[in-house]
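First comes the structure, then the notes that go with it.
What follows draws every value from the coordinates through simple rules; no lab data is involved. The structure displayed is predicted, hence computed values, not measured ones. Note: ideal-geometry Cβ built from the backbone for every residue, glycine included; neighbour counts use all protein chains shown.
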Amino acid sequence: MEKYNRAFIINGKDVAARLRAELKKEVVLLREKYSITPGLAVVLIGENPASKVYVRNKARGCEEVGITSIQHTLPEGASQSELLALIARLNGAKDVHGILVQLPLPKQIDPETVIEAIAPEKDVDGFHPYNMGRLMAGIPVLQPCTPYGVMKLLEAIDFKVDGKDAVIIGRSNIVGKPMAMMLLKKNATVTVCHSKTAYLPDKVRAADIVVAAIGREKFVKGDWIKEGAVVIDVGINRAKDGGLAGDVDFEEASLRAAYITPVPGGVGPMTITMLLANTVQAAKSQLIPLA
Ligand code: NAD
């Protein structure tokens with residue numbers, strides 16, 4: 001494992017490649033044993049350039065592991081009922097095991113309504129209240145991809161979460177909140193911080209695990225990091241030099257952390273990989289219905 005200053009760098013690309021190789025084998029097995037090829041329907045509405053890039057990368061990931069991906073594109077002005085009709089069709093399609101509606105949606109469409117319209121067993125983003133509720137109850141089925149990927153990174157470095165103090169900065173439904181539930185399930189003591197949190201640096205200083213999901217470049221300073229902590233940087237920000245930057249001051253934090261994720265190349269590659277994992281899992285559970 002490569003080291004930078006004091007910290008080992010958690011290479012998300014390597015972990016993702018390993019997981020994708022395993023998924024590829026599972027897909028072959030599903031085809032050989034059950035004549036099933038996992039299928040992912042990706043729905044894109046409008047022309048958001050970032051969304052187009054994400055959708056393209058998701059399709060590439062599918063191809064890599066042998067998942068069939070079908071893209072459905074609706075115009076920017078599409079109505080909510082058009083989208084709901086498409087989702088209803090995909091819910092009923094036998095060859096579609098996962099449905100992903102790329103967010104954000106145009107303003108005439110309510111994201112909650114759309115998320116709730118997706119059949120929970122096909123909700124490979126893990127955003128449906130059913131899947132969120134299962135996660136909250138400690139009996140997860142399909143889990144949100146980014147925090148799920150973070151758990152896989154911790155597993156990859158063989159980090160024992162049990163009994164550790166974790167601080168999550170950010171409380172979004174897609175990262176912060178599900179992250180808290182996943183770490184709690186692994187017996188961490190979890191503190192969720194947000195924009196109204198008082199004495200944030202002191203809270204971070206007490207953490208064995210820091211997960212930063214804020215969306216502000218170099219927000220987490222090196223002297224907030226406890227010696228020997230694991231620092232997971234979820235943030236993706238456009239840096240002043242035009243490149244990508246995380247939420248953590250990597251240079252400073254790597255002087256104190258035991259492990260740290262880089263941006264890019266840390267959490268990023270895991271997100272799509274966990275989407276692929278969820279699609280394979282969805283295909284398997286639709287094969288053998290959950291009791
Ligand atoms: P969000 O905007 O929904 O949430 C940001 C959170 O940061 C909020 O809960 C807010 O309370 C908190 N916050 C804002 N200012 C703060 C402050 N001053 N102090 C403490 N907390 C503060 O964002 P999100 O969707 O959770 O994403 C967070 C970051 O992670 C973004 O940079 C996003 O691009 C990135 N992201 C990366 C991936 C990936 O695959 N690597 C996936 C999802 C999101």
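Remarks
- Highlighted here are the helices (runs of 4 or more DSSP H) found entirely within the range 185-291 that include at least 3 residues which are under 30 Å from Glu64 (Cβ atoms) and polar (S, T, N, Q): 268-287.
- Complete set of residues in the range 154-179 that are buried (at least 22 other Cβ atoms within 10 Å of the Cβ) and among the hydrophobic types (A, V, I, L, M, F, W, C): Leu154, Ala166, Val167, Ile168, Ile169, Val175, Met179
- Against the criterion of being closer than 28 Å to Ala17 by Cα, crowded, with 16+ Cβ neighbours inside 10 Å and touching a strand residue (DSSP E or B) at 6+ places or on another chain (Cβ under 6 Å), Val141 does not qualify.
- The residue of the range 201-237 that is nearest to the ligand (Cβ to nearest atom), among those that are among the aliphatic types (A, V, I, L, M) and without any contact (Cβ under 8 Å) to a residue 40 or more places away in the chain, is Ile236.
- Only listed residue being in a loop (DSSP other than H, G, I, E, B) and in contact (Cβ under 8 Å) with a residue 40 or more places away in the chain, chosen from Gln143, Gln108: Gln143
- Ala180 more than 18 Å from the chain's Cα centre (by Cα) and under 24 Å from Ala156 (Cβ atoms): no
- Which numbered condition Gly246 fails, given (1) within 14 Å of the ligand (Cβ to nearest atom); (2) within 29 Å of Ile139 (Cβ to Cβ); (3) of a type outside the set (D, E, K, R): (2)
- Boolean, Ala198 is over 18 Å from Pro264 (Cα atoms), more than 9 Å from the ligand (Cβ to nearest atom) and surrounded by fewer than 13 Cβ atoms within 10 Å (Cβ to Cβ): yes
- Residue tally, condition within 15 Å of the ligand (Cβ to nearest atom), polar (S, T, N, Q) and out of contact with any Ser or Thr (no Cβ under 6 Å at 6 or more places or on another chain), over the range 249-283: 3
- Scan the range 157-191 for residues that are touching a residue at least 60 places away in the same chain (Cβ under 8 Å) and more than 16 Å from the ligand (Cβ to nearest atom) and the total you get is 2.
- The listed residue being over 16 Å from the mean Cα position of the chain (by Cα) and not charged (D, E, K, R), out of Ala277, Ala239: Ala239
Conditions tested, residue by residue: (1) under 30 Å from Glu32 (Cα atoms); (2) in contact with a strand residue (DSSP E or B) (Cβ under 9 Å, 6 or more places away or on another chain); (3) outside any helix (DSSP H, G or I).
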| position | (1), (2), (3) |
| --- | --- |
| Ala59 | yes, yes, no |
| Cys62 | yes, yes, no |
| Ile70 | yes, yes, yes |
| Ser81 | no, no, no |
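- Consider the range 247-267 and keep the residues that are in contact with a helix residue (DSSP H, G or I) (Cβ under 7 Å, 6 or more places away or on another chain) and buried (at least 24 other Cβ atoms within 10 Å of the Cβ). The one that is farthest from Lys3 (Cα to Cα) is Val267.
- Across the range 112-135, a minimum of one residue is classified as part of a helix (DSSP H, G or I), within 16 Å of the ligand (Cβ to nearest atom) and surrounded by fewer than 17 Cβ atoms within 10 Å (Cβ to Cβ).
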